[in-house]
Amino acid sequence: MSATAMDGDTVEALEDLPPSAKLVAKVLEYNDTLTQSELAEETLLPARTVRYALTRLEEQDVVESRFSFSDARKRIYTLA
């Protein structure tokens, strides 16, 4: 676990987002990289809600995604 603190711009971008997006961002703050399924498991949110939260976070440039090297079908998410 690595606790990377969110900067002021990130916190400001989160203000208008739904609670699910804030929860996903908080979980990513404490975990360097997670897949969508790992995020669903950690947050206890349905996969569909996690997908929506990640979409909103990507629109605000709060998270970045890349393909997983171990499984190209999966994406890895990190805080931007």
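The values are calculated or read from the model by the stated rules, or taken from the named source; none is laboratory data. Since the structure is predicted, the reported quantities are computational estimates derived from the model, not experimental observations. Neighbour counts are summed over all protein chains in view; Cβ atoms, including those assigned to glycine, are modelled from backbone coordinates with ideal geometry.
General remarks:
- Scanning the stretch 62-80 for residues that are within 13 Å of VAL24 (Cβ to Cβ) and among the polar types (S, T, N, Q) yields a count of 2.
- Test: residue in the stretch 67-75 that is of a type in the set (Gly, Ala, Ser) and under 13 Å from the mean Cα position of the chain (by Cα): no
- Test: residue in the stretch 65-75 that is at pLDDT 95 or above and aromatic (Phe, Trp, Tyr): no
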